[in-house]
Each structure stands twice: as C-alpha cells, then as structure tokens.
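Asker: Structure in structure tokens, see below.
Read-outs: derived from the displayed coordinates by stated rules, not from any lab. What you see is a predicted model, and the numbers here were worked out from it, not measured in a lab. Here Cβ is always computed from backbone atoms with ideal geometry, including for glycine, and neighbour counts include all displayed protein chains.
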Amino acid sequence: MKNKKKVLKNKKILLGVAGGVAAYKSVDLVRRLKDEGASVNVIMTDAAKNFVTPLSLEIASENRVCSGVFDDPMSHINLPREADIMLIAPATANIIGKFANGIADDLLSTCFLSFKGKVVVAPSMNWRMYDNPIFQENLRRLTAHGVIQSGPDKGTLACGEEGIGRMADVSEIIETIKSAFSKKDFFKKKVIVTAGPTREYLDPVRFLSNRSSGKMGYAVARACIRRGAEVILISGPSCLEQPHGLKSFFRVETAQEMRDAMFKCLTETDVVIMAAAPADFSPEKKEKAKIEKSGKLSVNFKNTPDILSEAGKLKKKPLLVGFAAETGGRLDRAKKKLIQKNADIIVFNNVTAVGSGFDVDTNEITIIRKNKELSLPLMTKAAAAEAILDAVSDGMKKHAKSRRVESQD
C-alpha cells in the first residue's frame with residue numbers, strides 16, 4: 001500500500017490575494033495546495049477583485065472568500081487564529097509597504113498583524129517598483145522580522161518589459177511553504193547529491209545508458225533544501241526541473257564527469273548522497289565518426305570510476321550514502337556494498353518490483369546501516385527522501401563525533 005504522507009496534509013493555509021496582475025494565478029495555487037492535502041481560506045483585497053473573481057476562488061478553495069473588515073467583525077481574529085501559515089500571493093508593493101509599517105486599513109493587513117505564525121510573501125510588481133530603494137527597505141524590514149520571501153523571478157512582465165518582478169512559479173511557492181513546515185536539522189550543512197543516469201559514448205551519436213530519470217535524487221535534493229542544507233546537485237541527463245534553492249548545480253554526462261564534479265566540490269562537505277545511477281562500463285574507445293551498420297559489432301569495455309568506493313577511501317570522508325538498485329530482493333549484495341565501499345548508509349531497492357525503481361514517482365526502499373536495517377512500504381519518492389534524511393540526520397551526530405576523535409589522534 002502506498003504511503004501518501006504529504007508535508008502539507010491537514011495544514012490550514014490563510015491565503016491573501018492582493019491587487020496585482022498575477023492574482024489570476026491564485027486559483028491554480030489554491031488547487032495545487034489542496035492537492036497537497038491542505039485546506040485554504042482566502043482573503044482578497046478590493047483591488048484583487050479586478051483581476052480574479054471571488055467566486056473563482058470560492059470554487060477552488062471550497063470555502064467562503066473574505067474581503068471586508070466589517071463583513072464579519074471578528075474575522076481579523078478568527079481567520080489568523082485558525083491558520084497554520086499565512087501566504088500572500090501576489091504580494092504587491094502596496095501590501096508589503098502596509099505590512100512593513102504596521103498599517104492595518106483592510107482585512108488582509110489587519111489579519112497580518114493578528115497572525116502569530118510563519119508568513120510567506122510572493123512579491124509581484126514591475127521591475128522599477130521592485131528596485132525602488134523604499135520598497136527594498138520595506139521588504140528587508142519584513143524579512144528581518146522572519147517573514148519568508150518566495151521569488152520574484154526575472155522574465156517578461158505584464159507591461160511587456162523584461163526584468164525582475166514576476167511572481168514566483170506556483171511550484172516554487174509551494175516548495176517555500178513546505179520548507180517553512182520542515183524541521184531544520186540540516187541547517188547550514190553542506191550536502192552533495194548526485195542524480196540521474198550517465199552516458200558512455202560509442203560514437204558521436206550513440207551511447208550506453210540506463211533508465212534512471214533522476215526523480216529520486218532530485219527528491220532528495222529538495223528535501224535537503226527544505227531542511228536547511230546548502231545543496232550541490234550533480235545531475236546526469238534528466239528532463240526534471242532544477243529544485244529551487246540549490247547552492248550549485250552541475251550538469252554532467254559521463255561517469256568520469258560526475259566523479260570529477262563531485263570531488264571538485266568535496267571540501268568541507270558534511271554529507272554525500274549518491275542517488276545517481278552512473279554506468280559501470282564504458283567503451284574502451286570512442287569512435288570519432290558514426291559507426292557504420294555493417295554486420296556484427298564488437299566492442300571492448302572498461303570499468304568506469306567507482307565513485308562511491310573512491311569517496312569511501314578518503315581520510316576525512318563525509319557521511320556517505322550510496323544506493324543499490326538490484327533486480328530482485330538481493331539485500332545481501334547491498335549489505336556487502338555497505339562494507340566494501342566503506343559507506344555509512346546504503347539505500348536498497350528492487351527495480352523490478354511494481355512501482356519501484358526507475359522513472360516512476362514511487363519507491364520501496366530498505367535503508368541499511370552497519371547495525372540497523374529499516375524496510376519501508378511503497379511510498380512516494382518525496383516521502384522516501386524524507387525517510388532517508390531521517391537516517392542521515394541520525395548518522396550525522398555519530399559521524400561528527402568520530403571526526404572529532406580522528407582530529408585529536
């Protein structure tokens with residue numbers, strides 16, 4: 001049975017929609033939040049009604065949309081009191097200015113002053129307004145008081161000009177909210193994550209690869225960012241969107257390139273999570289021209305770099321997490337890999353099991369440590385990533401202690 005654990009399940013979100021062109025995106029935002037298991041109550045400013053109707057948001061949220069301070073005299077107390085988090089998207093220069101200066105002249109700004117939890121703002125405006133030093137001072141004042149900022153992005157604005165000021169994508173805003181709810185046990189930890197397949201070229205147009213999509217590694221990277229880590233993602237070829245909030249991103253093709261990128265970044269790294277599926281073999285010779293199709297083809301292969309094993313031999317190695325994708329229930333091979341590669345954790349999965357392995361959104365994993373073994377049911381890769389990080393978090397404390405002992409010797 002699938003584990004449907006979601007970060008936003010049963011969370012109550014109070015969404016403020018201010019009067020910017022991006023208000024039309026709020027309907028999709030509400031729907032996406034509800035897909036994540038959250039309930040949403042919406043407050044609209046009068047200006048927002050020029051861009052999207054209250055009825056649209058009532059249908060999307062399945063709750064009455066609130067707007068006037070005096071429609072319900074206690075709404076400025078009741079709505080914030082019942083919410084787990086407050087989100088303003090779009091957050092115009094006007095509403096941010098009100099928040100920063102304690103002005104409470106409508107329902108949304110009054111609710112902001114009443115709310116005691118975490119607040120996320122998604123700024124949206126023309127680039128000239130965003131660059132204005134007075135607005136920037138207002139924004140800094142809010143963030144200094146703990147308000148969380150999501151976006152804005154650069155791109156084509158409603159006026160047709162190019163610049164910064166577009167409201168962050170809905171997916172980025174939702175990721176920011178998830179991060180706000182996540183524990184920060186990886187705060188300021190430097191984590192390298194590898195993801196996806198590699199390609200080993202036979203000639204300029206043909207290569208050997210595998211079915212890895214990168215979904216597991218990207219889910220791990222996102223989970224690390226939510227939990228406060230500084231994440232470097234090294235990815236083989238993948239069509240997935242880069243997670244928001246990465247410290248660095250490296251796109252590589254071959255196993256050798258993945259190895260070189262990883263070792264280039266290893267200084268002061270706390271954790272390496274190798275969720276990638278690099279090729280084990282590479283042609284000894286890459287032909288300079290396309291190989292002609294004529295009869296049988298014989299190719300000699302050589303081993304690619306064993307990145308996990310090489311990292312395991314480091315004198316001051318980071319906490320090392322490897323993956324063992326097997327065809328069948330070969331836990332014995334995964335346990336041998338843990339010892340032979342000098343890894344701290346091996347994540348085993350049977351790629352032939354239904355719903356597990358390559359290019360699907362779910363996985364069924366066993367997390368193996370030297371003295372522990374945890375088998376988990378089929379779950380989303382996002383949930384699997386959280387379970388892996390729970391094990392890593394536990395291991396980091398022991399790993400840091402052993403590092404201190406080594407430095408004293």
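Asker: Which of ASN371, ASN363, ASN41 moves most in a GNM of the chain, Cα contacts under 10 Å?
Answerer: Comparing ASN371, ASN363, ASN41 in a Gaussian network model of the chain, the most mobile one is ASN371.
Asker: Using θ = phi - 60° and the Karplus form 6.51 cos²θ - 1.76 cosθ + 1.60, what ³J(HN,Hα) does each residue of region 351-363 get, whole Hz, x for Gly and Pro?
Answerer: Values, residue by residue: 6, 8, 6, 4, x, 10, x, 6, 6, 10, 8, 10, 7 Hz.
Asker: Also: For the chain, set up a GNM with springs between Cα atoms under 10 Å and report which of GLY355, GLY37, GLY163 has the largest fluctuation.
Answerer: Top of the fluctuation ranking is GLY163.
Asker: Assuming a ≥ b ≥ c are the square roots of the Cα gyration tensor eigenvalues, decide whether region 42-95 counts as rounded (a/c under 1.5), prolate (otherwise, with a/b larger than b/c) or oblate.
Answerer: Rounded.
Asker: Take the residue pairs LYS6/LYS188; LYS302/LYS335; LYS25/LYS397 and return only those whose Cα atoms are more than 32 Å apart.
Answerer: Result: LYS25/LYS397 exceed 32 Å.
Asker: Taking the number of other C-beta atoms within 10 Å as the exposure measure, put TYR24, TYR130, TYR218 in order starting with the fewest.
Answerer: Listed from fewest to most nearby Cβ atoms, that is TYR24, TYR130, TYR218.
Asker: Can you tell me how region 12-181 classifies by the Cα gyration tensor, rounded, prolate or oblate, using a/c under 1.5 as the rounded cut?
Answerer: Rounded, since a/c falls under 1.5.
Asker: Percent of Cα-Cα pairs more than 34 Å apart in the chain, please.
Answerer: For the chain, the share of Cα pairs beyond 34 Å comes to 42 percent.
Asker: On to the next question. GNM, the chain, Cα, under 10 Å: largest mean-square fluctuation among CYS239, CYS66, CYS111?
Answerer: CYS239
Asker: Also, I was wondering about something else. Using the Karplus equation 6.51 cos²θ - 1.76 cosθ + 1.60 (θ = phi - 60°), what ³J(HN,Hα) coupling, rounded to whole Hz, does each residue of region 370-379 give in order, writing x for Gly and Pro?
Answerer: Values per residue, Gly and Pro as x: 4, 10, 9, 8, 10, 9, 10, x, 4, 8 Hz.
Asker: In the structure shown, do any of LYS116/LYS154; LYS264/LYS336; LYS317/LYS337; LYS316/LYS381 have a Cα-Cα gap over 20 Å, and if so which? Don't skip to the answer; put the middle values down first.
Answerer: On the way: LYS116/LYS154 31 Å; LYS264/LYS336 28 Å; LYS317/LYS337 17 Å; LYS316/LYS381 30 Å.
Listed pairs above 20 Å: LYS116/LYS154; LYS264/LYS336; LYS316/LYS381.
Asker: Quick one: of the DSSP bridges fully inside region 12-181, what percent are antiparallel, nearest 5?
Answerer: Roughly 20 percent of the DSSP beta bridges within region 12-181 come out antiparallel.
Asker: Dipole of region 267-384, Cα-centred, from +1 at each Lys and Arg C-beta and -1 at each Asp and Glu C-beta, to the nearest 20 debye?
Answerer: Details: 21 positive and 15 negative charges, 104 e Å.
Dipole about the Cα centre, nearest 20: 500 debye.
Asker: Please figure out what share of the DSSP beta bridges in the chain is antiparallel and state it in percent, rounded to the nearest 5.
Answerer: Of all bridge pairs located within the chain, approximately 30 percent are antiparallel.
Asker: At a 10 Å Cβ-Cβ cut-off, how would you order ILE95, ILE339, ILE103, fewest neighbours first?
Answerer: The fewest-first ordering by Cβ neighbours comes to ILE339, ILE103, ILE95.
Asker: Sort LYS12, LYS317 so that the residue with the fewest other Cβ atoms within 10 Å of its own Cβ comes first and the one with the most comes last.
Answerer: The order, fewest Cβ neighbours first, is LYS12, LYS317.
Asker: Projected onto the charge dipole of region 12-181 (+1 at Lys/Arg Cβ, -1 at Asp/Glu Cβ, origin at the Cα centre), which of LEU79, PHE115, CYS66 gives the Cα projection farthest towards the positive end?
Answerer: Result: PHE115, furthest along the dipole toward the positive end.
Asker: Which whole-Hz couplings ³J(HN,Hα) result when phi for each residue of region 35-48 is put into the Karplus expression 6.51 cos²θ - 1.76 cosθ + 1.60, θ = phi - 60°, listed in order with x for Gly and Pro?
Answerer: Once θ is set to phi - 60°, the couplings for region 35-48 become 4, 7, x, 8, 9, 10, 10, 10, 10, 10, 7, 4, 5, 4 Hz.
Asker: If you don't mind, another one. Looking at region 90-146, which trypsin sites (Lys or Arg not before Pro) are DSSP coil and have at most 12 other C-beta atoms within 10 Å of their C-beta? Walk me through the numbers before you get to the answer.
Answerer: Details: sites: LYS98, LYS116, LYS118, ARG128, ARG140, ARG141; in loops: LYS116.
Here the trypsin sites (Lys or Arg not before Pro) that fit, given the DSSP loop and packing criteria, are LYS116.
Asker: Same structure, new question: Rank ALA325, HIS145, ASN300 by how far each Cα sits towards the positive end of the charge dipole of the chain (+1 on Lys, Arg Cβ; -1 on Asp, Glu Cβ) and give me just the farthest.
Answerer: So the residue furthest toward the plus end is ASN300.
Asker: Another question, then. Give the long-range amide H neighbours of PHE301: residues separated by 5 or more places, or on another chain, with amide H under 5 Å away, using H modelled in the peptide plane at 1.01 Å from N.
Answerer: Distant-sequence amide H within range of PHE301: GLU284.
Asker: Which of rounded, prolate or oblate describes region 272-365 when judged by the alpha-carbon gyration tensor and an a/c cut-off of 1.5?
Answerer: Since a/c reaches 1.5 but b/c is at least a/b, the shape of region 272-365 is classed as oblate.
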